[in-house]
Amino acid sequence: MLRRTIASLKSSISLHITEEKDRICPKHIDSVITFVLGGPGSGKGTQCAKIVETFGFKHLSAGDLLRKEIVSDSEYGSMILDTIREGKIVPSEVTVKLILRELESGDNHKFLIDGFPRSEENRIAFEHITGSEPNFVLFFDCPEEEMVKRVLSRNQGRIDDNIDTIKKRLKVFESLNLPVIDYYAKKGKLHRINAVGTEDEIFEQVRPVFAACEKKATIT
Ligand SMILES: Nc1ncnc2c1ncn2[C@@H]1O[C@H](COP(=O)(O)OP(=O)(O)OP(=O)(O)O)[C@@H](O)[C@H]1O
Ligand SMILES: Nc1ccn([C@H]2C[C@H](O)[C@@H](COP(=O)(O)O)O2)c(=O)n1
Ligand SMILES: [Mg+2]
């Protein structure tokens with residue numbers, strides 16, 4: 001069923017999924033899904049690496065998956081490149097398709113989905129396509145000044161790590177991503193992390209969230 005749905009996503013980029021019949025269940029119905037949100041350079045990727053190491057989650061970075069598409073000569077490659085260069089958001093059906101492919105592969109049932117959902121459109125597409133919601137959501141709350149400083153000194157050769165694109169990404173974060181963060185706060189699913197401090201200090205705020213999740217899984 002899931003593979004059929006991915007195939008239909010591949011064939012239709014302008015898909016609008018609104019009906020019950022279009023929904024799918026993830027392969028692992030008992031999966032733990034964590035969304036990891038925060039502005040550009042807030043430290044999402046850095047903290048995800050620590051969570052993987054300590055708690056054995058599989059890390060899916062939406063940005064990394066999109067960047068892989070650019071270099072893999074995919075049909076969406078040039079559109080993704082232009083969108084990222086402009087600091088905008090790639091259409092949800094493309095990003096959700098890439099995430100689903102990763103959720104389907106391998107045996108790990110615990111996922112960190114980093115940099116997704118970036119907009120209400122992303123969120124709604126994920127919920128409708130998978131028929132599921134995240135168990136919880138991390139938000140790395142970081143002042144703009146600090147985010148700009150970190151991105152400009154990242155030095156990984158990313159085409160969007162320049163001051164013009166960073167300004168656009170910050171605007172998009174505020175207008176499109178903050179409403180998603182508010183949505184999960186209202187649902188009681190948000191864990192706000194103060195993203196200022198050393199990497200280890202920040203991880204000490206993250207650790208209890210996942211420790212509690214592990215404890216709950218042992219009890220149930
Ligand atoms: N607590 C910290 N203090 C100082 N620098 C940090 C800290 N955490 C991460 N960094 C550095 O800041 C830069 C951005 O971090 P990272 O790539 O983890 O952010 P991100 O939220 O994934 O950003 P993006 O959304 O752009 O992918 C990296 O060079 C990283 O080494
Ligand atoms: N859900 C997403 C995630 C990322 N993108 C694009 C736009 C971002 O500026 C870029 C880099 O993402 P990052 O590595 O900073 O998480 O990728 C998107 O369109 N939709
Ligand atoms: Mg990142």
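The values are calculated or read from the model by the stated rules, or taken from the named source; none is laboratory data. This is a predicted model, so every value here is computed, not measured. Heads up, the Cβs are rebuilt from the backbone with ideal geometry, glycines too, and the neighbour counts pull from every protein chain shown. The accessibility values were calculated without ligands, DNA or RNA, using every heavy atom of the protein model including side chains. Shrake-Rupley method; radii C 1.70, N 1.55, O 1.52, S 1.80 Å.
Would you pick out the residues in the stretch 140-156 that are under 21 Å from Glu174 (Cβ atoms) and open to solvent by 20 Å² or more (accessible area, probe 1.4 Å)? Steps first, please.
Narrowing the stretch 140-156 to residues under 21 Å from Glu174 (Cβ atoms): 140-152, 154.
Result: Asp141, Pro143, Glu144, Glu145, Glu146, Val148, Lys149, Arg150, Leu152, Arg154.
For the condition modelled with pLDDT of 95 or more, away from ligand 2 (no atom under 13 Å from the Cβ) and among the polar types (S, T, N, Q), what is the one hit in Ser119, Ser175? Please lay out each step first, then the result.
Details: Ser119 fails: away from ligand 2 (no atom under 13 Å from the Cβ).
Answer to the selection: Ser175.
Residue check, Cys213 against (1) under 26 Å from Val52 (Cα atoms); (2) at pLDDT 95 or above; (3) part of a helix (DSSP H, G or I), all met but one. Which one?
Status for Cys213: all satisfied but (2).
Return yes or no: is Asp107 without any contact (Cβ under 8 Å) to a residue 12 or more places away in the chain and either open to solvent by 50 Å² or more (accessible area, probe 1.4 Å) or within 23 Å of Asp164 (Cα to Cα) (or both)?
On the way: without any contact (Cβ under 8 Å) to a residue 12 or more places away in the chain: yes; either open to solvent by 50 Å² or more (accessible area, probe 1.4 Å) or within 23 Å of Asp164 (Cα to Cα) (or both): yes.
Here the answer is yes, as Asp107 does meet what is asked.
Is there any pair linking a residue in the stretch 151-165 that is without any contact (Cβ under 8 Å) to a residue 40 or more places away in the chain and more than 10 Å from ligand 2 (Cβ to nearest atom) to one that is part of a loop (DSSP other than H, G, I, E, B) and not small (Gly, Ala, Ser), with Cβ under 9 Å and at least six apart or on different chains, and which?
Leu152/Asp161; Leu152/Asn162; Asn155/Asp161
What tally of residues in the stretch 44-68 results from selecting those that are open to solvent by 20 Å² or more (accessible area, probe 1.4 Å), away from ligand 1 (no atom under 13 Å from the Cβ) and under 23 Å from Arg123 (Cα atoms)?
Final tally of qualifying residues: 2.
The conditions are (1) open to solvent by less than 10 Å² (accessible area, probe 1.4 Å); (2) of a type outside the set (Phe, Trp, Tyr); (3) not in a loop (DSSP other than H, G, I, E, B), and Lys171 fails exactly one of them. Which is it?
Unmet for Lys171, out of (1) open to solvent by less than 10 Å² (accessible area, probe 1.4 Å); (2) of a type outside the set (Phe, Trp, Tyr); (3) not in a loop (DSSP other than H, G, I, E, B): (1).
Exactly one of (1) assigned to a helix (DSSP H, G or I); (2) in contact with a helix residue (DSSP H, G or I) (Cβ under 9 Å, 6 or more places away or on another chain); (3) modelled with pLDDT of 95 or more is unmet by Asp161. Its number?
Among (1) assigned to a helix (DSSP H, G or I); (2) in contact with a helix residue (DSSP H, G or I) (Cβ under 9 Å, 6 or more places away or on another chain); (3) modelled with pLDDT of 95 or more, the lone unmet condition for Asp161 is (1).
Do you know which residues across the stretch 121-132 are open to solvent by 10 Å² or more (accessible area, probe 1.4 Å) and in contact with a helix residue (DSSP H, G or I) (Cβ under 6 Å, 6 or more places away or on another chain)?
Glu121, Arg123, Ala125, listed by residue number.
Here's a check for you: in the stretch 184-220, which residue that is open to solvent by 60 Å² or more (accessible area, probe 1.4 Å) and touching a residue at least 60 places away in the same chain (Cβ under 8 Å) is farthest from the chain's Cα centre (by Cα)? Steps first, answer last, please.
So the first thing to find is which residues in the stretch 184-220 are open to solvent by 60 Å² or more (accessible area, probe 1.4 Å), and the list is 186-188, 191-192, 194, 196, 198-201, 204-205, 207-208, 214-220.
Those still in the list that are touching a residue at least 60 places away in the same chain (Cβ under 8 Å) too: 199, 207, 214, 217.
Values: Glu199: 20, Arg207: 19, Glu214: 21, Ala217: 23 Å.
Among those that are open to solvent by 60 Å² or more (accessible area, probe 1.4 Å) and touching a residue at least 60 places away in the same chain (Cβ under 8 Å), it is Ala217.
Where in the stretch 39-101 are there helices (runs of 4 or more DSSP H), lying fully within it, with 2 or more residues that are within 12 Å of ligand 3 (Cβ to nearest atom)?
44-55, 62-71
Scan the stretch 74-87 residue by residue and report those that are over 19 Å from Glu102 (Cβ atoms) and loosely packed, with under 15 Cβ neighbours inside 10 Å. Break it down stepwise before answering.
Initially, the stretch 74-87 is screened for residues over 19 Å from Glu102 (Cβ atoms), giving 78-79, 81-83, 85-87.
Matches in the stretch 74-87: Ser78, Asp82, Arg85, Glu86.
List, please: which pairs have Cβ atoms under 6 Å, are six or more places apart or on different chains, and start with a residue in the stretch 35-48 that is in contact (Cβ under 8 Å) with a residue 60 or more places away in the chain and end with one that is of a type in the set (D, E, K, R) and near ligand 1 (Cβ under 6 Å from one of its atoms)?
As it stands, the answer is Val36/Lys44; Gly38/Lys44; Gly41/Arg150; Thr46/Glu199, since those pairs meet every condition given.
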